[in-house]
Structures are given as structure tokens and as C-alpha cells.
Amino acid sequence: MIYPPRCMGCGELTEADFGLCGSCWRDTPFIGGVVCESCGVPLLGEADGHRIECDDCMKTPRPWRDGRAALLYEGKARSLVLALKHGDRPELARPAARWMAQAGRDLFRNDILIAPVPLHWSRLLKRRYNQSALLAQHLAREVGLDVCPDLLVRRVRTPVLDGKTASERAETLSDAIAPHPKRMHRLQGRDVLLVDDVMTSGATLAACTRACLAAGANHIFVLVLARVAKDA
Ligand SMILES: [Zn+2]
Ligand SMILES: [Zn+2]
């Protein structure tokens, strides 16, 4: 396009199309170094060749195999995620998907199917787009893998889960998410990479994972734009 690239953090013109100007880049909490294999949160210490997990994932074992996150959900990253989700700024998805491609590089394997966490249609009408589907589509293009934007659907509208206990969340979600009846054949015996914008407790991703496994998928992996970390 002929528009000069602008920083998605502050709107200033930037030299290159990396999404952020130098100062916003420095202020954005990108995750690097040693991370939890299950949720991607950064951990202290050094890799010793064994699987490393955070306290959260040891306490609540994840039904998926491995997970990664591009950003810590705080400061500038939080405002970017909120702008993508509620601010009607779909153009943020492309650079965000690039960061996810970088963070998730250990997860990509041949024939893995990328699929977003679904949004109920009533929320879709209000927001105009499913930010997770948008991230999944840009990610698939970035890494050259298949994507199925409606692999999973929400059968009932689930209430906002903030403030609920883990068991309340799991119960609310258990029957809400299922594979699209017409997409069932796509996940048979196949590895699936679930994509979402934010991981908080992981309850929604766990419900999506169980739905895929119950329908015959092989291994499930998760990749999110931002991970909420308790003690970050
Ligand atoms: Zn900036
Ligand atoms: Zn973890």
C-alpha cells in the first residue's frame, strides 16, 4: 500500500514495517529466554534439557501438549491487545501474528492445522470480527500452514468469565465449545494449533483442546498473543 507505516503503539511514522517505533518496541514486554513449555510464561533460571513448567501449569495440568505466548499482558502489550479486541483496529493483527510466529517457532510442524478460539455469533455481531480468527489467518499466511477459521464453534453464549473460580469456568465452558459439524473431518488424526489473543487461566483453551481431542485430533498446541502472568 502507499500509506507510510505508522507505529501501532503511538501512531508515529516509523522507518520500517515492524509495527512499532523504537521507543514503543522497548516499552513492549516481549517474552524471551526460558519459558514454561505449557503456557509460554517467562521463567527464571536456565534450560537444563528437561521440560520446564511454571507453578500455574504444575498446579493445573494443561490438556494440550505445548504452549507459547508472544507478550506479557501488561503495559503497552495490554493496550495493544485491547485495541485489537475492542478498538476496531484489525490492522494490528498482522504485526501481532508476526510476533506470534516468532514466539511459536518450536510448535510449527508439517500438517498442523491452525484454528482460532471461537467467539459466539452475538459477540461477533457487536465486535464485527473475531480477533483470534484474524490472528490465526495472519499467522497461517506468515508461516505457510493451513488454517480453519470455523473449526470450533460456541454453541451457547458463555458469560464473561472474569471473577469466576477455576471450577466455575470449567463448568461454564464444558459444553459450550464444539467442532463445527462440517469441519470434523479436518481434525481427524491431525495436530491442531489453537490461537487466542490472551490466555488468563487457560480455561477456554482447555475447553477447546478437549473438544478437539474428543473429536479425534492428535496433539494440540496453543499459541497466544499475550499471557497474563500473576507475578510478572
Ligand atoms: Zn511508537
Ligand atoms: Zn505455564
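Send over the per residue convex hull volume for the chain, Cα only, as a whole number of Å³. Don't jump to the answer; show the numbers that get you there.
Working: hull volume 31.7 nm³, N = 232.
Hull volume over Cα atoms, normalised by residue count, gives 136 Å³.
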Q) Going from most exposed to least, what order do 194, 125 have by accessible area with a 1.4 Å probe? A) 125, 194
Q | Of 191, 56, 106, the one that fluctuates the most in a GNM where the chain has Cα springs shorter than 10 Å | A | 106
Q) In straight Cα distance, which lysines are under 27 Å from residue 182, not counting same-chain residues fewer than 8 positions off? A) 126
Q: Excluding residues fewer than 8 places away in the same chain, name every one of the lysines whose C-alpha is closer than 23 Å to that of residue 164.
A: 59, 85, 230
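Contour minus end-to-end for residue 91 and residue 121, with contour as 0.36 nm per residue of separation and end-to-end as the Cα-Cα distance?
Values: separation 30, 0.36 × 30 = 10.80 nm, distance 2.14 nm.
Gain on stretching residue 91 to residue 121: 8.7 nm.
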Q: Could you tell me the accessible area of residue 124 in Å² (1.4 Å probe, neighbours in place), rounded to the nearest ten?
A: 70 Å²
Q: Report, for the chain, the % of DSSP beta bridges that are antiparallel, rounded to 5.
A: 25 percent
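Ranked from the most accessible area to the least, with a 1.4 Å probe and all protein chains present, what is the order of 73, 129?
Details: 73 55, 129 25 Å².
Ranked list, largest accessible area first: 73, 129.
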Q: With unit charges on the beta carbon (Lys/Arg positive, Asp/Glu negative), name the residue among 216, 79, 203 whose Cα is farthest towards the positive pole of the charge dipole of the chain.
A: 216
Q. If we count trypsin sites (Lys or Arg not before Pro) as exposed when they sit in a DSSP loop and have at most 14 other beta carbons within 10 Å, what is the longest stretch of the chain that avoids them all?
A. 52-104
Q. Hey, in the GNM for the chain with a 10 angstrom Cα cutoff, which one of 144, 32, 45 fluctuates hardest?
A. 45
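The values are calculated or read from the model by the stated rules, or taken from the named source; none is laboratory data. All of these numbers come straight from a predicted model, not from anything done at the bench. Ideal geometry is used to build each Cβ from the backbone, glycine not excepted, and the neighbour counts take in all protein chains shown. What goes into the accessible areas is simple: the full protein's heavy atoms, side chains included, and nothing from ligands, DNA or RNA. Shrake-Rupley method; radii C 1.70, N 1.55, O 1.52, S 1.80 Å.
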